[in-house]
Amino acid sequence: MPKTPAPATASKTDNPFFTPSPLAYGTPPFDRITDEHYLPAFEEGMRQHAAEVRTIADSKQPPTFANTIEALERSGALLTRVSKVFFNLTESNTNPKIQAIQSTVAPLLAAHQDTIYLDAPLFARIRAIHDARAELTEPEQQRLIERYHTNFVRNGALLGPADQARLRKINEEQSTLTTKFQERLLADTKALAVLVENKDQLRGLDDSAISAAADAAAAAGKPGKFLLPLQLPSSQGVLSSLQDRATRQRVYEASLSRCDRGNENDTKELVLRLAALRAERAQLLGYPNHAAYVLADQMAGTPAAVNKMLTGMAPAIVQKANTEAAELQTWLDQNEPGTRLAPWDWSFVAEQVRKQRYDFDEAEVKQYFELDSVLQNGVFFMARQMYGIELHERKDLPVYHPDVRVFEVFDGATGNGDGSSIGLFYADYYARPEKRGGAWMDNFVDQSGLLGQKPVVVNVLSIGKPSAGQPTLVTFDEVTTLFHEFGHGVHGLFSKVRYPMISGTSVPRDFVEFPSQFHEDFAFDPAVLGRCARHWQTGAPMPKELIEKVRRARTFGQGFGSLEYIEAALLDMAWHSLPAGTEVKDVDAFEAEALRKAGVAHALVPPRYRTTYFSHVWPGGYSAGYYAYLWSEALAADAFAAVMERGGMTGENGAAFRDAVLSRGLTREPMQMFAAFRGRELDTQALLRRRGLL
Ligand SMILES: [Zn+2]
């Protein structure tokens with residue numbers, strides 16, 4: 001890639017980003033976009049955006065909502081067009097060229113953002129409009145000016161020059177420390193791979209896992225032995241199959257000791273420094289601690305609200321975990337008399353109990369879930385029943401990979417709608433090497449009344465692609481994922497908002513997983529399963545007993561899963577609730593005390609992440625935010641309970657949810673949207689039931 005791109009003028013004529021897309025819904029002209037177009041489009045996009053912002057900031061006209069806020073909402077069109085395509089493809093269809101462009105562009109974009117946030121004349125205009133916000137007649141305009149003001153203030157716009165300089169220093173040091181944290185975690189995880197002398201100690205693992213361990217040992221200069229590498233996520237998958245207790249214990253202890261061994265990979269000093277810097281930044285910005293700073297901009301609002309939810313659920317969760325421990329001990333008493341359950345036994349024994357109780361063959365279940373049937377007779381069927389919408393495939397629009405399908409979405413004649421078009425839904429379901437794993441939703445075009453844009457959304461999954469001519473059979477887990485992502489999809493599609501900054505799924509992270517997890521529950525609906533769960537060859541419906549097993553397996557092990565999760569969430573809250581200047585000497589003692597005080601310390605169930613390897617909250621963007629998954633799930637469970645109370649998958653329930661939540665973007669307070677549908681504020685009992693904890 002050339003360091004100096006071709007002059008913008010040369011590429012203007014043939015660079016498809018430089019003009020609005022001529023295609024329906026302004027959807028990207030993927031057939032005309034090549035990797036060479038990105039960098040010139042980013043550079044020209046930032047240049048144009050900066051010039052537009054300059055004109056707004058330096059205007060001689062007195063600041064008004066229209067000449068400042070609306071003008072900002074309209075600005076940066078080219079930058080938005082290229083960003084939407086580029087940052088989708090870095091996840092779903094990347095290549096070395098795109099990765100190289102990404103590392104060039106990321107710091108440029110960060111600097112571009114900073115320049116705007118620290119633009120004093122611009123902030124003066126925003127502040128004047130914010131001061132006079134009572135005069136704005138449109139509630140959506142009031143919401144939007146609050147967003148702008150909040151974003152600028154949270155980025156330091158109100159600080160004097162010395163404090164702004166300190167803020168920049170803090171951010172810089174933080175980014176260095178988080179990079180170090182990631183490097184040390186990676187190095188220690190690698191260093192802690194468990195060396196096993198003979199094959200017998202690995203019994204229970206399948207042949208491919210054993211030969212992989214043999215290869216790993218050979219590669220590490222220990223031929224004839226076996227090396228079990230630790231996995232980066234929380235728990236170690238091999239613990240559920242290793243039959244040898246001593247090997248389990250070694251893997252478990254290695255896993256818990258990550259970055260806490262006093263060697264060069266230890267992260268304790270980094271963690272202490274990060275906690276101190278975040279507390280100091282919070283104080284600079286006027287908050288008692290980092291958690292208060294983060295939560296002020298989330299639905300939860302305060303650390304107290306988060307702690308109340310987590311500790312409120314703790315007794316039921318601990319009790320369930322204790323019940324599960326007793327069940328596991330019973331299995332041990334019968335099968336390995338004299339053995340006391342230890343933490344390294346938990347996964348293994350739980351797996352034996354699960355097999356005993358719900359034994360079903362995943363391969364057998366898959367025969368009843370063919371992808372297109374799940375989509376048409378499951379997901380789209382639900383969408384028709386609930387929202388009265390119809391999806392029609394369009395083969396004429398260009399896609400970025402041949403596996404991607406495009407559907408045009410209509411308010412169908414069956415619902416309250418008039419058949420008018422809503423937007424486009426892209427479905428990119430197959431795994432491929434150029435796609436990162438997992439599943440997500442995104443927008444190619446954001447809905448906006450101001451810009452006259454209808455939404456273009458995409459769902460991405462990573463389902464294994466069958467060989468040519470074979471059907472795509474999916475697991476039940478993948479079925480629920482299809483519903484989950486479609487839930488994000490309708491949150492984007494049903495948006496009826498004027499301003500792009502607050503449209504669709506642009507909501508706090510403790511709210512954004514609410515519509516998606518809400519829709520997951522429809523995968524269990526008997527009407528949905530009756531239609532879409534059909535044997536791909538014979539068309540026979542899935543046997544009732546098999547459906548029942550799959551259903552019941554959903555809540556198995558939730559005591560353990562919920563406990564290790566809330567331990568980690570409470571630990572995150574404890575670290576980020578420290579006021580500036582607090583001195584913590586002993587990281588491990590702080591961790592133990594935090595768990596004990598919250599009532600979740602458990603001899604058999606450690607937190608999903610211990611402090612020294614909690615990568616979500618130290619380098620990741622989830623500081624004081626790990627609770628958010630559960631918060632969203634509490635909203636989803638409670639809202640879905642309302643659907644069940646009110647007749648299930650009906651047009652009335654769909655219309656009400658669409659009106660209260662899915663169409664609103666962030667034009668209302670999240671709790672207001674939730675309560676408008678539920679008829680009251682959040683009650684976490686439904687979540688306990690959803691997880692089988694009552
Ligand atoms: Zn999601």
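Select, from VAL490, VAL479, the only residue that is within 16 Å of the ligand (Cβ to nearest atom), assigned to a helix (DSSP H, G or I) and under 21 Å from GLU390 (Cβ atoms).
Numbers: VAL479 fails: under 21 Å from GLU390 (Cβ atoms).
That would be VAL490, the only listed residue that is within 16 Å of the ligand (Cβ to nearest atom), assigned to a helix (DSSP H, G or I) and under 21 Å from GLU390 (Cβ atoms).
Which condition number does VAL497 fail, the rest of (1) out of contact with any Leu (no Cβ under 7 Å at 6 or more places or on another chain); (2) modelled with pLDDT of 95 or more; (3) part of a helix (DSSP H, G or I) being met?
The single condition VAL497 does not satisfy is (3).
Condition first: of a type outside the set (D, E, K, R) and not in a loop (DSSP other than H, G, I, E, B). Now tell me which residues in region 665-685 satisfy that. Step through it out loud before you land on a result.
Residues of region 665-685 that are of a type outside the set (D, E, K, R), as a first pass: 665-667, 670-677, 679, 682, 684-685.
Listed by number, the residues that qualify are PRO670, MET671, GLN672, MET673, PHE674, ALA675, ALA676, PHE677, GLN685.
Please report, ordered by residue number, the helices (runs of 4 or more DSSP H) entirely within region 536-603 with at least 3 residues that are closer than 22 Å to THR267 by Cα.
Working: elements: 544-553, 558-576, 587-597.
The qualifying helices (runs of 4 or more DSSP H) are 558-576, 587-597.
Assigned by TED's automatic domain parsing to the domain that holds LEU391, modelled with pLDDT under 95 and within 15 Å of the ligand (Cβ to nearest atom), is that true of SER467? Working first, answer last.
On the way: assigned by TED's automatic domain parsing to the domain that holds LEU391: yes; modelled with pLDDT under 95: yes; within 15 Å of the ligand (Cβ to nearest atom): no.
Criteria not met by SER467.
Taking region 325-384 on its own, how many of its residues are farther than 30 Å from GLN249 by Cβ and either in contact with a His (Cβ under 6 Å, 6 or more places away or on another chain) or charged (D, E, K, R) (or both)? Outline the logic, then answer.
Of region 325-384, the ones farther than 30 Å from GLN249 by Cβ are 360-361, 363-384.
Narrowing further to those that are either in contact with a His (Cβ under 6 Å, 6 or more places away or on another chain) or charged (D, E, K, R) (or both): 361, 364, 366-368, 370, 372, 384.
Summing the residues that are farther than 30 Å from GLN249 by Cβ and either in contact with a His (Cβ under 6 Å, 6 or more places away or on another chain) or charged (D, E, K, R) (or both) in region 325-384 gives 8.
Could you run through region 487-500 and say how many residues are within 19 Å of the chain's Cα centre (by Cα) and over 16 Å from SER632 (Cα atoms)? Full working, then the answer.
So in region 487-500, the residues within 19 Å of the chain's Cα centre (by Cα) come out as 487-493.
Next cut, over 16 Å from SER632 (Cα atoms) only: 489-490, 492-493.
Residues meeting the conditions: 4.
Rundown of residues vs (1) touching a residue at least 40 places away in the same chain (Cβ under 8 Å); (2) under 30 Å from GLY437 (Cβ atoms); (3) out of contact with any Gly (no Cβ under 7 Å at 6 or more places or on another chain), yes/no style:
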position	(1), (2), (3)
THR64	yes, no, yes
ILE69	yes, no, yes
LEU89	yes, yes, yes
PRO96	no, yes, yes
SER103	no, yes, yes
ALA111	no, no, yes
LEU136	yes, no, yes
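Give the residue, chosen from VAL349, VAL365, that is at pLDDT 95 or above, over 30 Å from ASN88 (Cβ atoms) and not in a loop (DSSP other than H, G, I, E, B).
Details: VAL365 fails: at pLDDT 95 or above.
Matching residue, one of VAL349, VAL365: VAL349.
What's the number of the condition SER448 fails, among (1) surrounded by 20 or more Cβ atoms within 10 Å (Cβ to Cβ); (2) within 20 Å of VAL474 (Cα to Cα); (3) of a type in the set (Ser, Thr, Tyr)?
(2)
Could you check ALA439 against (1) away from the ligand (no atom under 14 Å from the Cβ); (2) of a type outside the set (Phe, Trp, Tyr); (3) surrounded by fewer than 20 Cβ atoms within 10 Å (Cβ to Cβ) and say which number it fails?
Checking ALA439 against (1) away from the ligand (no atom under 14 Å from the Cβ); (2) of a type outside the set (Phe, Trp, Tyr); (3) surrounded by fewer than 20 Cβ atoms within 10 Å (Cβ to Cβ), the one that fails is (1).
Are there helices (runs of 4 or more DSSP H) fully within region 37-129 with at least 3 residues that are polar (S, T, N, Q)? List them.
Details: elements: 38-57, 71-74, 77-92, 96-117.
Hits in region 37-129: 77-92, 96-117.
Can you say whether ALA431 is within 16 Å of the ligand (Cβ to nearest atom) and of a type in the set (Gly, Ala, Ser), as far as the supplied structure shows?
Values: within 16 Å of the ligand (Cβ to nearest atom): no; of a type in the set (Gly, Ala, Ser): yes.
Taking the combined requirement at face value, the residue does not satisfy it.
Can you tell which of ARG74, ARG81 is touching a residue at least 40 places away in the same chain (Cβ under 8 Å), basic (Lys, Arg) and touching a helix residue (DSSP H, G or I) at 6+ places or on another chain (Cβ under 6 Å)?
On the way: ARG74 fails: touching a helix residue (DSSP H, G or I) at 6+ places or on another chain (Cβ under 6 Å).
Of the residues listed, the single one that is touching a residue at least 40 places away in the same chain (Cβ under 8 Å), basic (Lys, Arg) and touching a helix residue (DSSP H, G or I) at 6+ places or on another chain (Cβ under 6 Å) is ARG81.
Given (1) more than 16 Å from the ligand (Cβ to nearest atom); (2) at pLDDT below 95, identify the lone condition not met by SER562.
Here SER562 clears every test but (2).
I'd like to know if region 407-420 contains one or more residues that are within 16 Å of the ligand (Cβ to nearest atom), at pLDDT 95 or above and assigned to a strand (DSSP E or B). Quick ask: steps written out before the conclusion?
Within region 407-420, the first condition is being within 16 Å of the ligand (Cβ to nearest atom), and the residues that meet it are none.
Within region 407-420 (the criterion being within 16 Å of the ligand (Cβ to nearest atom), at pLDDT 95 or above and assigned to a strand (DSSP E or B)), the answer is no, since none of the residues qualifies.
Would you mention how many residues in region 670-694 are without any contact (Cβ under 8 Å) to a residue 12 or more places away in the chain and within 22 Å of LEU493 (Cα to Cα)?
Final tally of qualifying residues: 2.
Considering ALA568, ALA553, ALA533, which residue is farther than 30 Å from ASP297 by Cα, in contact with a Pro (Cβ under 8 Å, 6 or more places away or on another chain) and among the hydrophobic types (A, V, I, L, M, F, W, C)? Can you show your working first?
On the way: ALA568 fails: farther than 30 Å from ASP297 by Cα; ALA553 fails: in contact with a Pro (Cβ under 8 Å, 6 or more places away or on another chain).
Every option except ALA533 fails the conditions.
The values are calculated or read from the model by the stated rules, or taken from the named source; none is laboratory data. Keep in mind it's a predicted model, so treat the numbers as computed, not measured. Every residue, glycine among them, receives a Cβ derived from its backbone with ideal geometry; neighbour counts consider all protein chains shown.
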